[in-house]
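Beneath this line is the structure, given in C-alpha cells, with notes to follow.
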Amino acid sequence: MDPHQIISYPLSTERSIRLLEAENKLVFVVQPHATKNDIRQAVEQMFKVKVNTVRTLVTSHGEKRAYVKLMPQFPAIDIATELGLM
C-alpha cells in the first residue's frame with residue numbers, strides 16, 4: 001500500500017512540537033482504517049528511519065492521530081525540518 005494513502009499530513013501543534021523535542025516523537029493525522037503496522041511501514045518507507053513505537057488516538061471529531069516514536073539514532077527534529085514544521 002502507498003504510504004501517502006495512509007498518512008494524511010503531519011500535525012504541527014504546540015503539543016506535537018513539544019513531543020518532537022522532548023521525546024523524539026512525530027504526530028501525524030492518518031486514515032481511519034490504518035493499523036499501527038501500516039503506519040509504522042509508511043513512516044519507515046517515507047523517511048528512511050526506524051520506528052520504535054506507534055500509538056494511535058481517535059479524536060472526538062473522528063480524526064485518527066498517530067504518535068510515532070523514532071529510534072534514538074534518528075532525530076525526529078531532522079524529519080520535522082524536512083517537512084517544514086520547524
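The values are calculated or read from the model by the stated rules, or taken from the named source; none is laboratory data. What you see is a predicted model; the values in this text were computed from it and never measured. Neighbour counts are summed over all protein chains in view; Cβ atoms, including those assigned to glycine, are modelled from backbone coordinates with ideal geometry.
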| remark: Condition set touching a residue at least 24 places away in the same chain (Cβ under 8 Å) and assigned to a helix (DSSP H, G or I), scope segment 17-27, selection surrounded by the most Cβ atoms within 10 Å (Cβ to Cβ): answer is L20
| When segment 38-53 is examined, which residues are found to be touching a residue at least 12 places away in the same chain (Cβ under 8 Å) and either of a type outside the set (S, T, N, Q) or over 18 Å from D78 (Cβ atoms) (or both)? | D38, I39, R40, Q41, A42, V43, M46, F47, V49, K50, V51, T53
| query | Is it the case that segment 70-86 has a residue that's closer than 19 Å to P32 by Cβ, part of a loop (DSSP other than H, G, I, E, B) and modelled with pLDDT of 95 or more? | reply | no
| field | Residues (assigned to a helix (DSSP H, G or I) and either in contact with a His (Cβ under 8 Å, 6 or more places away or on another chain) or among the aliphatic types (A, V, I, L, M) (or both)) located in segment 38-59 | value | I39, A42, V43, M46
| said: Looking at segment 36-58, can you tell me whether even one residue there is over 17 Å from I7 (Cα atoms) and at pLDDT 95 or above? | reply: yes
| said: Between P3, P32, which is over 11 Å from the mean Cα position of the chain (by Cα), surrounded by 15 or more Cβ atoms within 10 Å (Cβ to Cβ) and either under 14 Å from P72 (Cα atoms) or without any contact (Cβ under 8 Å) to a residue 60 or more places away in the chain (or both)? | reply: P3
